[in-house]
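What follows is calculated from the coordinates using simple rules that are stated; it is not laboratory data. None of the values given here were measured: they were computed from a predicted structure. Methodologically, a virtual Cβ is constructed for each residue, glycine included, from the backbone with ideal geometry; neighbour enumeration extends over all protein chains shown.
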Amino acid sequence: MPAKTPMQETLRAPMQDTLRALWGIQEIDKDLFRVQEELKRLPVERAAREGELTVLRERIQSGKSESAEEQLRIRELENQAMTHRLRIRKLDDESTSSRDMSVIEACKYEMRELKKEIERGERICMDILEHGEVRSKTIGELEEKLTVEEGHFVELSAGIDEEITAAEAKQTELETQRDDRLGSNLNVEALSLYRRLLTARSGQAMALSDGQVCRACYMALPPNMNVQLARGTAIIQCPSCDRILFKN
Ligand SMILES: [Zn+2]
């Protein structure tokens, strides 16, 4: 006769023993679920804070780029004004030395237009400088805020590292505890359902029942379920929350 495979042994395991064993690890798995959720949450929290810092840095950077562009614009306008003044001086000489009224008028007309142009440029520069002052102040404030926030982030991040280390240690400890308690002679179908429900039901796959209600969702159970539960030969799930019912 061929030797029995472990699978055959497992399938033959009495359901009540499997359910009792699973019930024995349910509390540990509940804690384990919480720890695992924590391990998912912590990096997300860190990334969110890091994202806030990135937004702040980008605001500072774009403010500085705008300032730089405006400095360029001011320089352009100043150069333009300088060129205009040189031209005005030349036109002034020309009109002084000329006797031709039409030339003199043309020079004066051009000089007036150039002066207007210079004044317009000066007004633009004034506007830019006023806005620039407000912006510089804002940038300064943002930079101060960034320095403070970066400091906070370093602390937060170190705290998160500690929390992750602690949670990982707790996770290992709980897994060891659970494996020690679980044993190996289990019904595979029940075990795989239990594992699926752990995920689907936030760490609580099983529910205690007195045969009347499910103690997890407090739904009344149909009378025939009490009989099936008492027999303890099959997996009975709550019709409302799907959890595996266990009668002590
Ligand atoms: Zn239920």
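For Val213, list long-range residues whose amide hydrogen, built 1.01 Å from N in the peptide plane, is under 5 Å from its own amide hydrogen. Excluding prolines and chain starts, which carry no amide H, the hits are Leu221. In region 27-183, a dipole from Cβ-located charges (positive for Lys and Arg, negative for Asp and Glu) runs towards its positive end, and of Ser102, Pro43, Thr147 it is Ser102 whose Cα lies farthest in that direction. Taking the empirical scaling 2.2 N^0.38 Å for compact globular proteins as reference, region 27-118 has a Cα radius of gyration ratio of 2.69.
You can think of it this way: the chain between Val44 and Ile74 has 6.3 nm of extra reach, that is 0.36 nm per residue less the Cα-Cα gap. From its DSSP helices (H runs of at least four residues, each -39,500 (n - 2.57)), the chain gives a residue-normalised ellipticity at 222 nm of -29000 deg cm²/dmol. On a per residue basis, the convex hull of the C-alpha atoms belonging to region 111-219 measures out at 270 Å³. Pairs of Cα atoms in region 159-198 fall into 5 Å distance bins, from 0 up to the last occupied one, in shares of 6, 19, 15, 22, 15, 11, 8, 4, 1 percent. Among Lys115/Lys137; Lys145/Lys170; Lys90/Lys116, which pairs are too far apart, with a Cα-Cα distance over 27 Å? Those over the limit are Lys115/Lys137; Lys145/Lys170.
With the convex hull constructed from alpha-carbon coordinates only, the chain shows a mean projected area of 27.5 nm² over all directions. Overall, region 27-183 carries a charge dipole of about 1220 debye about its Cα centre when +1 sits on the Cβ of Lys and Arg and -1 on the Cβ of Asp and Glu, all other atoms neutral.
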